Amino acid sequence: MRSSLVRIAALSLSASAVVVATLAPMLTAAEPAKNLIENGDLESALPAGAAMPKDWTLFAKGEYKAAVVEGGHAGKKAIMLEGDGEFAVIGTGMRAIDPKQRVTIRGMLKVEGDAKATIKFDYFDEKWQWVGSTTVGELGSDTKGWQAVSLMDRAAIDGEKAKHYAVGLAITGKGKAWFDDLELTAGAAAATATAIENGDFENYLGKTPAQWWIGTSEGGKATATISTDAPKQGKSCLHFKGDAEWAVATSAKVKFDANKTYIISGFVRTKSGAAQIKIDYFNGNEWIGSTLGEDVYDDEWTAKSVESTNDYSEATHIAATCVGSGDFDAKFDAITIRVK
């Protein structure tokens, strides 16, 4: 396996697929968490004559309409986007970006027809011009029923010049999308500037983890999904399953200083096959090598760490990579990085 892994190309981190993770702070949850979206469950009365809650706006390219309707997820009501066109976005109010905080949006989403939909962050500069977005992807009608969404903002990465942000409820194509139980919370940004994005696997769209990309050896197959079955910590972990000489689930990249040592740690367990955590090195978007970890073969949570070396002094970035080989059925959780 070791010789095969050394040859792993960064299939899942090509220039067209990568969102480069510059240094980003981690979120420390606020206690108690206040919902910054007023009427996020859509159960309160709307302003007189309004189709949506106060300060919510609809921007569309196409024939779309928005309305609060019966048939909510937890309560009686939800907000529905319906129509046909290029796209439509409901903005749930513009807010100033506080560099000392990061915010997380959680909600429920359901889609019908040929449309796709998502819940995302949109970023705007000081002149209120759109400069970028953070999303975990889109949900189609092939995924039935209500699906949970959880996403942390990446304003420092995806909207570098942004001064404001808005939570967007978005649809593309022809069909309907329902949104409900929206909760926006803020927490203080930790002092450390280096982090593995979504290393706790608490950000997702349905079963898809945010900020992780999949690749396999030729002819291999693998899936990476969110699991709430006995995570090591928190509410969820990564379930990585497949059949391949090697398969990888790779995090967004972190800036690398060859004069420092980086230790990537996490927990691993596997019902079958072998699993490990490794470090991948990149010069820009080009993969240049790996430092391999130790394989795990047991179905008990096992703490594992791998330390960077000075073999890749030309590297500008590194990434944490979860690896499976053979007919594997593995789980990973609490992937972190420490610099010394």
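The values are calculated or read from the model by the stated rules, or taken from the named source; none is laboratory data. None of the values given here were measured: they were computed from a predicted structure. Cβ: placed from backbone, ideal geometry, glycine included. Neighbour counts: every protein chain shown.
Say whether the condition of being surrounded by fewer than 23 Cβ atoms within 10 Å (Cβ to Cβ), assigned to a loop (DSSP other than H, G, I, E, B) and not β-branched (Val, Ile, Thr) is met by at least one residue in region 319-332. There is no residue in region 319-332 that is surrounded by fewer than 23 Cβ atoms within 10 Å (Cβ to Cβ), assigned to a loop (DSSP other than H, G, I, E, B) and not β-branched (Val, Ile, Thr). Quick check: anything in region 198-208 over 26 Å from residue 146 (Cβ atoms) and within 15 Å of the chain's Cα centre (by Cα)? Yes, region 198-208 contains a residue that is over 26 Å from residue 146 (Cβ atoms) and within 15 Å of the chain's Cα centre (by Cα). Looking at region 158-174, can you tell me whether even one residue there is small (Gly, Ala, Ser), within 30 Å of residue 260 (Cα to Cα) and not in a strand (DSSP E or B)? Yes; the residues of region 158-174 include at least one that is small (Gly, Ala, Ser), within 30 Å of residue 260 (Cα to Cα) and not in a strand (DSSP E or B).
The residue that is surrounded by the most Cβ atoms within 10 Å (Cβ to Cβ), counting only those in region 30-63 that are aliphatic (A, V, I, L, M) and part of a strand (DSSP E or B), is 60. For region 252-268, how many residues meet the condition of being assigned to a strand (DSSP E or B) and at pLDDT below 95? So the answer is 2. Taken over region 211-256, the criterion of being polar (S, T, N, Q) and at negative phi is satisfied by 216, 217, 223, 225, 227, 228, 233, 236, 250, 251.
Evaluation of residue 143 against the conditions (1) part of a loop (DSSP other than H, G, I, E, B); (2) crowded, with 19+ Cβ neighbours inside 10 Å; (3) of a type in the set (Val, Ile, Thr) shows that the sole unmet condition is (2). Can you find even one residue in region 283-298 that is part of a strand (DSSP E or B), among the β-branched types (Val, Ile, Thr), under 22 Å from the mean Cα position of the chain (by Cα) and surrounded by 14 or more Cβ atoms within 10 Å (Cβ to Cβ)? There is no residue in region 283-298 that is part of a strand (DSSP E or B), among the β-branched types (Val, Ile, Thr), under 22 Å from the mean Cα position of the chain (by Cα) and surrounded by 14 or more Cβ atoms within 10 Å (Cβ to Cβ). Is there a residue being part of a strand (DSSP E or B), touching a Ser or Thr at 6+ places or on another chain (Cβ under 7 Å) and not basic (Lys, Arg) anywhere in region 195-203? No: region 195-203 contains no residue that is part of a strand (DSSP E or B), touching a Ser or Thr at 6+ places or on another chain (Cβ under 7 Å) and not basic (Lys, Arg). Residues that are touching a helix residue (DSSP H, G or I) at 6+ places or on another chain (Cβ under 9 Å), buried (at least 19 other Cβ atoms within 10 Å of the Cβ) and not basic (Lys, Arg) within region 98-130 comprise 103, 121, 123, listed in sequence order. Do the conditions hold for residue 271, that is, is it within 18 Å of residue 304 (Cβ to Cβ), in contact (Cβ under 8 Å) with a residue 40 or more places away in the chain and not in a strand (DSSP E or B)? Answer is no for this residue.
Quickly run through region 216-242 and pick out the residues that are of a type in the set (A, V, I, L, M, F, W, C) and in a loop (DSSP other than H, G, I, E, B). Steps first, answer last, please.
Quick first cut of region 216-242, residues of a type in the set (A, V, I, L, M, F, W, C) only: 222, 224, 226, 230, 237-238, 240.
Hit for region 216-242 is 230, nothing else.
For region 175-194, the set of residues classified as part of a strand (DSSP E or B) and of a type outside the set (Gly, Ala, Ser) consists of 176, 178, 179, 180, 181, 182, 183, 184, 185, listed by residue number.
So, residue 252, is that one buried (at least 21 other Cβ atoms within 10 Å of the Cβ), over 25 Å from residue 150 (Cα atoms) and among the small types (Gly, Ala, Ser) or not? For residue 252, the condition - buried (at least 21 other Cβ atoms within 10 Å of the Cβ), over 25 Å from residue 150 (Cα atoms) and among the small types (Gly, Ala, Ser) - is not met. Go through region 198-225 residue by residue and tally those that are farther than 15 Å from residue 333 by Cβ and in contact with a helix residue (DSSP H, G or I) (Cβ under 9 Å, 6 or more places away or on another chain). The total comes to 5.
Flag: residue 260 does not match the condition of being among the basic types (Lys, Arg), surrounded by fewer than 24 Cβ atoms within 10 Å (Cβ to Cβ) and under 14 Å from residue 319 (Cβ atoms). Residues of region 299-329 that are under 25 Å from the mean Cα position of the chain (by Cα) and of a type in the set (Phe, Trp, Tyr): 301, 328. Among the numbered conditions (1) within 30 Å of residue 56 (Cβ to Cβ); (2) in contact with a Phe, Trp or Tyr (Cβ under 9 Å, 6 or more places away or on another chain); (3) among the hydrophobic types (A, V, I, L, M, F, W, C); (4) at pLDDT below 95, the only one that residue 170 does not meet is (4). Selection of first residues in region 64-81 that are surrounded by fewer than 19 Cβ atoms within 10 Å (Cβ to Cβ) and hydroxyl-bearing (Ser, Thr, Tyr) and of second residues that are at pLDDT 95 or above and outside any strand (DSSP E or B), restricted to Cβ pairs under 9 Å at least 6 apart or on distinct chains, gives an empty result. The set of residues in region 95-125 that are within 19 Å of residue 152 (Cβ to Cβ) and either small (Gly, Ala, Ser) or not in a strand (DSSP E or B) (or both) comprises 96, 97, 98, 99, 100, 107.
Tallying residues that are within 24 Å of the chain's Cα centre (by Cα) and free of Cβ contacts under 8 Å to residues at least 12 places away in the same chain within region 31-51 yields 2.
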